[in-house]
1. Which lysines have a Cα less than 26 Å from the Cα of Lys99, not counting those fewer than 8 places away in the same chain?
2. Compute the accessible area per residue over the range 1-56, keeping the other protein chains in place, probe 1.4 Å, unit Å².
3. With a 1.4 Å probe and all protein chains left in place, how much of the accessible area of the range 59-100 comes from carbon and sulfur atoms, in whole percent?
4. Compute the accessible area per residue over the range 85-128, keeping the other protein chains in place, probe 1.4 Å, unit Å².
5. Express in nm, to one decimal, how much length is gained between Asn13 and Ile80 on full extension, taking 0.36 nm for each residue of separation and deducting their alpha carbon distance.
6. Subtracting the Cα-Cα distance from 0.36 nm times the residue separation, let me have the gained length for Ala103 to Val124 in nm, one decimal.
7. Provide the gained length on full extension for the span Leu48 to Val64, in nm with one decimal, where the gain is 0.36 nm per separating residue minus the Cα-Cα distance.
8. Given the options Phe97, Phe25, Phe78, which has the most mean-square fluctuation in a GNM of the chain, springs set between C-alpha atoms less than 10 angstrom apart?
Amino acid sequence: GTGGKLVVGYSFNPNVAVEASYLTFGSADFSEGFVRGSVEVKGFNASLVLSAPLSPELSVHGKVGYFDGKGEGNAAGFKISEKGSDPSYGLGLTYMFNKNTGARLEWDRVGRSDAVDMISAGVVFKFK
């Protein structure tokens, strides 16, 4: 499905930051044997982000964090709802057009065995 996220963060220095975000992974269909259904996962995430410059404009980052969310869906005519917390992590690239504006391409994963992935592209605004 199609999802999205809204992220705010604070950089302690060019290499270390923290982020808080709201993520919605959209709706996804599933099939387990004869059971078919759909599920939507959304919630809040907090992450520690470590960055390394590749050039003055381009940097790579990795992050590790904690996701607290809710999954809702239906299967075989029954409504399903479950709350929970899981580890989260991700990788990404940020390209800064100037000192305050850039673009970010990122992969995020939430969970362990039943992990949910998101690939996103977004705009970065830095305030000082």
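The values are calculated or read from the model by the stated rules, or taken from the named source; none is laboratory data. If you're wondering where the values come from, they're calculated on a predicted model, not measured in any experiment. Heavy atoms of the whole protein, side chains included, go into the accessibility calculation; ligands, DNA and RNA do not. Shrake-Rupley method; radii C 1.70, N 1.55, O 1.52, S 1.80 Å.
1. Lys5, Lys63, Lys126, Lys128
2. About 67 Å² of surface per residue is accessible.
3. Exposed carbon and sulfur together represent 59 percent of the surface.
4. Roughly 69 Å² per residue, with all protein chains present.
5. My answer for the length gained is 19.8 nm.
6. Computed gain between Ala103 and Val124 is 7.0 nm.
7. Full-extension gain reported as 5.2 nm.
8. So, out of Phe97, Phe25, Phe78, the one fluctuating most is Phe78.
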